[in-house]
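Structure, as structure tokens:
Here, each number is a calculation from the coordinates, and none is a lab measurement. Not measured: the values here are computed from a predicted model. Glycine also receives a Cβ, built like all others from the backbone with ideal geometry; neighbour counts cover every protein chain displayed.
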Amino acid sequence: MIRSNLQVEICCNSVLSARNAKLGGAYRIELCQALGEGGTTPSAAAISYCVHELNLHTRVLIRPRGGNFCYDDEDFRIILDDIRYAYKLGAHAVVVGFLTKSGDIDMPKTIAAVEAANGMSVTFHRAFDECRDPHEALEQIIECGCQKLLTSGCKPTALEGAQMLRSLHQQADGRINIIAASGITPSNVVQLLRETGVHEIHASCKTTADGFTATDETLVKQLFTLVE
């Protein structure tokens, strides 16, 4: 066992991935679609299935399109509606992220998203990794009321960003949970946890076969075997 309070989240890009994650031993997922674009909002039917049929702790990515994280009024209206709909479908949390053109956290939009969540847990996602000043941004995200921050430590992978992840974890000091993400596999998860000190990790455990990419049950099992 790495540590008794470790939480593992599996990123699932479809209902198939969610089923495979559960078969591999997962109980918590982030549900999205279109991973090739960095993830976008999944369908209502997929959310409902994961919550009510698979009985998974389902955290829903709310992102109306790929590209940057600066949203106009119409995009943001859709975002707020999707948050409210995820709540009605029984989602356990939503995952959002908003930046200004200057690379700061868009605090008014983040606060509005937290309010729309109506008590659901809110994670600020890897838009954070494109921010101007990570340490200032962390304080802004905490002030906005988010409960978790998903980040690779502002590097392409969590292992590359391990030093920053440790620094953010120490700065957070229990005020918000840092979720390490990107490139986490059974082959590096133990090293990552030792180098960062974080209590939550996010991994896709995905493979590509038959022309599509999905979470791999065997990789999920391997990951849990190493950390439990």
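Brief remarks follow.
- Among the GluC sites (Glu not before Pro) within the range 96-183, not one is in coil by DSSP while having at most 13 neighbouring Cβ atoms inside 10 Å.
- Calculated mean residue ellipticity at 222 nm for the chain: -10500 deg cm²/dmol, from DSSP H runs with n ≥ 4 weighted as -39500 (n - 2.57), summed, divided by the residue count and rounded to 500.
- Panel order for 57, 125, by other beta carbons found within 10 Å of each beta carbon, from fewest to most: 57, 125.
- Overall dimensions of the range 98-228 by Cα: Rg and Dmax, Å: 15.6, 45
- Residues with amide H under 5 Å from that of residue 98, placed H, sequence gap 5 or more: 106
- Loop-located chymotrypsin sites (Phe, Trp or Tyr not before Pro) in the range 1-103 (DSSP state other than H, G, I, E, B) with a sparse environment of at most 15 neighbouring Cβ atoms within 10 Å: 27.
- Selection from 45, 67, 5 lying farthest towards where the dipole of the range 1-75 points positive, charges on Cβ: 5
- Among the listed pairs 22/109; 88/221; 155/221; 88/155; 101/155, a Cα-Cα separation exceeding 25 Å is found for 22/109; 88/221; 155/221; 88/155.
- Residue-count net charge about residue 50 - beta-carbon cut-off 11 Å; Lys, Arg +1, Asp, Glu -1: +2
- For the range 80-89, Karplus couplings with θ = phi - 60° (6.51, -1.76, 1.60), whole Hz, Gly/Pro x: 5, 5, 5, 4, 5, 6, 4, 4, 5, 7
- Counting charges near residue 121 (Lys, Arg +1; Asp, Glu -1) among other residues having Cβ under 13 Å from its Cβ returns a value of 0.
- Considering only beta bridges that DSSP places wholly inside the range 93-228, some 30 percent are antiparallel.
- Fewest-first sequence of 22, 148, 88 by Cβ atoms within 10 Å of each Cβ: 88, 22, 148
- The per residue volume of the convex hull around the alpha-carbon atoms of the chain is 113 Å³.
- Cα-centre dipole for the chain with unit charges at Cβ (Lys and Arg positive, Asp and Glu negative), debye to 20: 560 debye
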